[in-house]
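Inspection log for the structure reproduced underneath, given as structure tokens.
The values are calculated or read from the model by the stated rules, or taken from the named source; none is laboratory data. As the structure is a prediction and not an experimental result, all values here were calculated from the model. Cβ: placed from backbone, ideal geometry, glycine included. Neighbour counts: every protein chain shown.
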Amino acid sequence: EWPCNNCRGSGCDECDWTGYQYPTSVQQEIQEPFIQETKAIEAKFHGAGREDINVKCLGKREFVLELIEPLNRDLDLEKLQKKVNEATDKIEVFDLQFTHSDKPAEIKQKHANKTYRAKIKTQEEITEKDLEKLEGLLGEVEQETPERVEHRRAEKTRVREVLETDWEYEDQHHLTLEVKAEAGTYIKELIHSDEGRTVPSVKGLLGTESECTQLDVIGIDK
């Protein structure tokens, strides 16, 4: 759950008196059936990484839902999984299992490589031949702290690795790019370059402004 930045959860005009920064969250979408079945007083969500609010995760991501002071521990996980998935059309859970108390810390320490699919729009016209330049994305990428997160991240240059790339030409201004990259790679900046703070980038290689119009996570390494 994400408390409102303005009121810190107490409720205000900015959050429409919900106390939350966003209308919903993964935790809010899945926790209620667990709380009802266990008669717990509350739940805490622990996820293996996260994405920006406008990035859809289509790959499986490990999580732990910690139930606080449950009265019922005798659960049919298969039945509960079905109940959770029927309660929301935004998220689907798989392979539910009981785990140990060290698991939340364990999954938070993971640094999994991820595969992304990005829809990109270019300012100048491009040809199918131009996209061969995107092979230049492979290998090491230097990324200064992006402007959009510099208020909460230390200013430094991070070196990450792009492991695989593939692309599909759509028309003179549109392409689809798939990228498998090392954990911690800023994919949006890999596309638009963040005013030259990420090198190489799609913008730099194609020589034209490049906007990421849609970004999905389609795979997360275990």
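As an exercise: evaluate Lys60 against (1) over 18 Å from His100 (Cβ atoms); (2) out of contact with any Lys or Arg (no Cβ under 8 Å at 6 or more places or on another chain); (3) surrounded by 16 or more Cβ atoms within 10 Å (Cβ to Cβ) and give the number of the one condition it does not meet. Looking at each condition in turn, Lys60 falls short on (3). Consider the stretch 68-90 and keep the residues that are β-branched (Val, Ile, Thr) and surrounded by 15 or more Cβ atoms within 10 Å (Cβ to Cβ). The one that is nearest to Leu58 (Cα to Cα) is Thr88. Yes or no: the stretch 154-167 includes at least one residue that is among the basic types (Lys, Arg) and at pLDDT below 95. Yes - at least one qualifying residue is present in the stretch 154-167. For the stretch 8-15, the count of residues that are in a loop (DSSP other than H, G, I, E, B), outside the structural domain of Tyr186 (by TED's automatic domain parsing), buried (at least 17 other Cβ atoms within 10 Å of the Cβ) and over 19 Å from the mean Cα position of the chain (by Cα) is at least one. All but one of (1) free of Cβ contacts under 8 Å to residues at least 40 places away in the same chain; (2) assigned to a strand (DSSP E or B) hold for Ala105, so report the exception by its number. The single condition Ala105 does not satisfy is (2). On the given criteria, is Glu125 over 25 Å from Pro23 (Cα atoms), surrounded by fewer than 16 Cβ atoms within 10 Å (Cβ to Cβ) and at pLDDT 95 or above? Criteria met by Glu125.
Listed here are the strands (runs of 3 or more DSSP E) enclosed by the stretch 130-222 that have at least 2 residues being without any contact (Cβ under 8 Å) to a residue 60 or more places away in the chain, of a type outside the set (A, V, I, L, M) and surrounded by fewer than 18 Cβ atoms within 10 Å (Cβ to Cβ): 139-144, 157-171, 174-181. Please work out if His100 is assigned by TED's automatic domain parsing to the domain that holds Thr38 and either among the β-branched types (Val, Ile, Thr) or free of Cβ contacts under 8 Å to residues at least 60 places away in the same chain (or both). Yes, satisfied. Do we have any residue at all in the stretch 42-52 that's part of a loop (DSSP other than H, G, I, E, B), modelled with pLDDT under 80 and buried (at least 16 other Cβ atoms within 10 Å of the Cβ)? No, the stretch 42-52 has no match at all. Selection of the stretch 24-41 for residues being within 17 Å of the chain's Cα centre (by Cα) and assigned to a loop (DSSP other than H, G, I, E, B) yields Thr24, Ser25. How many of the residues in the stretch 45-89 are farther than 27 Å from Thr185 by Cα and of a type in the set (D, E, K, R)? Number satisfying all stated conditions: 11.
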